[in-house]
Amino acid sequence: MYKPSGRTILFFCAALFMVCAALLPTDLIWAADIKIPEYIDRINNPYILPDGNGPGFFKCAIIGMVTGMLSAAIGAGGGLLVVPALMTAGVSGIYAVGSEMFRMFIFSTIESVRMGINRRIKYVLALIMSMGTLLGGLGGYALNNMIFIADPAGNDIFISSIIALWLIIYAFIIIPDFRADAHKYALELLRKEKEKQSKSEAVSTAPNPPAKQQKDKNGDSRQAEGEVKSEAAKEKGNDPEAKEHNPNTSQEPQFEDELYPDEEPWEIARSLRRIKLPPYMEFPSTLKNGEGEELEPADLKRNAEAPTLGEVEQDKQERIPVIPIFLITIVGGFFMSITGSGGVILTFTLMTKAFACVAALVAGTDLARLAISSGGLTLGAYGLNGFINIYCITGLVFGTISGLHLGSKGLKHILPYRVKGLVSLLVISVIINRLLALPALLRKAGADIYPGLVATLDSGGSYILLIGALIFGGWIIFAFLSGVYNSLQPVKEKGADK
């Protein structure tokens, strides 16, 4: 199979931008023929430029920075935070979604180029997923635009409700994962503590040396302790001498990526991979056989021998059906056009857990899907019709790039289960924020609700989102600074502590 080089990918991206730039003037001429609605003088005017009272550059940069950290943590574009934060800051929902779509296009293009250079993209599958996302996205935009034209305030209610529903579904996935990982980590700590106690008891109950060797008692005991420790290190695989002689002792998993570790698949993953629904596409699996060993890639089979029944089953587990993935991307594209979230929550989670796909390849393929689909929706839907807040884009892009680099460095010093806990906290704060903002949006749409109650709930939702973002971003920044501080400390020489 042909694998494009980094230069080829960059040339393709440059050619794509040139084609879009060549087609843009024609689209603008067609857009000039659109008739302005007769209700242009309404209070909630849908066709005015955003005023300068909205969020400025620094607020958008802070939102983008926390979003970049979130993108580094879960591999998503971060729309689940950008759109609620911009709406809390006073931006209309459809403008927030359009601005997030443009930011997502820039972010996913940069990341997909990086993943393409590192051979982390299945290009054919990315094109298929992009078509499904564009189909669902155009449907979601049509619905979003129709509601906005009828009632802009009602459109904010619709977007907030869908965001809350979308994140509640995601919370039922990530919170159990956080609890399971925390439980595994606690069991691992308990196991290591028991091993340490058993080894200390074994050393303390060792027989005393003979009387004639009392002179060398201290030296022999130290040597014995050193041998015990070296044996224990060999059992754990942490012996430095063994690593020097045998550097391949710990085999790294295929397609390993520090930002996208493989997820533990669900029990239904084996059945979904064996489903009889052609066409199929080869995709490495994280499933394990009955003996608990990872499956080898199908192309590493012995060529001279006839395939056995186990090898045939292994070939079935190294491929995935395309039609279910295509349908998933249609649903993800539909919600992407309404909420601004790129559907990575849906596609990445289902492909890594329900279909047991390698996480790094899924992330690269999904980022390429986002780059194509978000670019198409930006140029052909939101951007073409002016649903982009021009004052937010610069700050969001600057903050995203900064937060992505900070997050990728800081997450190396945070345990994985704690990262999921921080993401769960942020998701819950966004859900509460959107639910508490509904009374204010309903009053704006004409509902008779007590103003004092509306103001209290709206302020409470804003503070909850702020606290969740501060805890999430502050923890990652503290981990990053701690890592920088530790790296600046002088290295202790061997034997200095003796």
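For a quick check: with amide H placed at 1.01 Å from N, whose amide H comes under 5 Å from TRP266's, ignoring anything fewer than 5 positions away on the same chain?
Answer set, sorted by chain and number: ALA354, ALA356.
Can you give the percent of C-alpha pairs in region 398-496 whose distance is more than 23 Å?
48
Quick one: with all protein chains in place, what share of the accessible area of region 152-193 is carbon or sulfur, to the nearest percent (1.4 Å probe)?
73
If you count only protein heavy atoms and use a 1.4 Å probe, how large is the accessible surface of ILE110, to the nearest 10 Å²?
Near enough 90 Å² of accessible area.
Got a sec? What order do SER130, SER271 fall in by accessible area at 1.4 Å, biggest, i.e. largest, first?
If we order SER130, SER271 from most to least accessible, we get SER271, SER130.
Can you tell me the FRET efficiency between ILE467 and ILE268 if r is taken as the Cβ-Cβ distance and R0 is 35 Å, rounded to the nearest 0.05? Before the final figure, lay out the partial values.
Values: r = 37 Å, r/R0 = 1.06.
My answer for the efficiency is 0.40.
Report the extension gain between MET281 and LYS184 in nm, rounded to one decimal, defined as 0.36 nm multiplied by the number of residues separating them, less their alpha carbon distance.
31.6 nm
Counting only protein heavy atoms and a 1.4 Å probe, tell me what percentage of region 353-498's accessible area is made up of carbon and sulfur.
Of all accessible area on region 353-498, carbon and sulfur atoms account for 68 percent.
Hey, can you find the accessible area per residue of region 130-190 for me, probe 1.4 Å, expressed in square angstrom?
For region 130-190, the per-residue accessible area is 46 Å².
Averaged per residue, what accessible surface does region 378-498 expose to a 1.4 Å probe, in Å²?
Ligands and nucleic acids excluded, the result is 56 Å² per residue.
Return the FRET efficiency for the residue pair LYS199, SER482: r is the Cβ-Cβ distance, R0 is 51 Å, and the value is rounded to the nearest 0.05.
For R0 = 51 Å, the calculated efficiency reads 0.95.
With a Förster radius of 60 Å, plug the Cβ-Cβ distance of PHE326 and PHE58 into 1/(1 + (r/R0)^6) and report the FRET value to the nearest 0.05.
Once rounded, the FRET efficiency stands at 0.90.
Pulled fully out, how much extra length does the chain show between LYS192 and ALA455, if you take 0.36 nm times their separation in residues and subtract their Cα-Cα distance? Let's see the in-between values first.
Details: separation 263, 0.36 × 263 = 94.68 nm, distance 5.23 nm.
The span from LYS192 to ALA455 would gain 89.5 nm if fully extended.
Out of region 70-151, which trypsin sites (Lys or Arg not before Pro) are coil in DSSP terms and have no more than 15 other C-beta atoms within 10 Å?
Numbers: sites: ARG103, ARG114, ARG119, ARG120, LYS122; in loops: ARG119, ARG120, LYS122.
Answer in residue order: ARG119.
The values are calculated or read from the model by the stated rules, or taken from the named source; none is laboratory data. None of these values were measured; they are calculated from a predicted model. In this analysis, Cβ positions are derived from the backbone assuming ideal geometry, glycine residues included, and neighbour counts consider all displayed protein chains. Heads up: the accessible areas ignore ligands, DNA and RNA and are worked out on the full protein's heavy atoms, side chains in. Shrake-Rupley method; radii C 1.70, N 1.55, O 1.52, S 1.80 Å.
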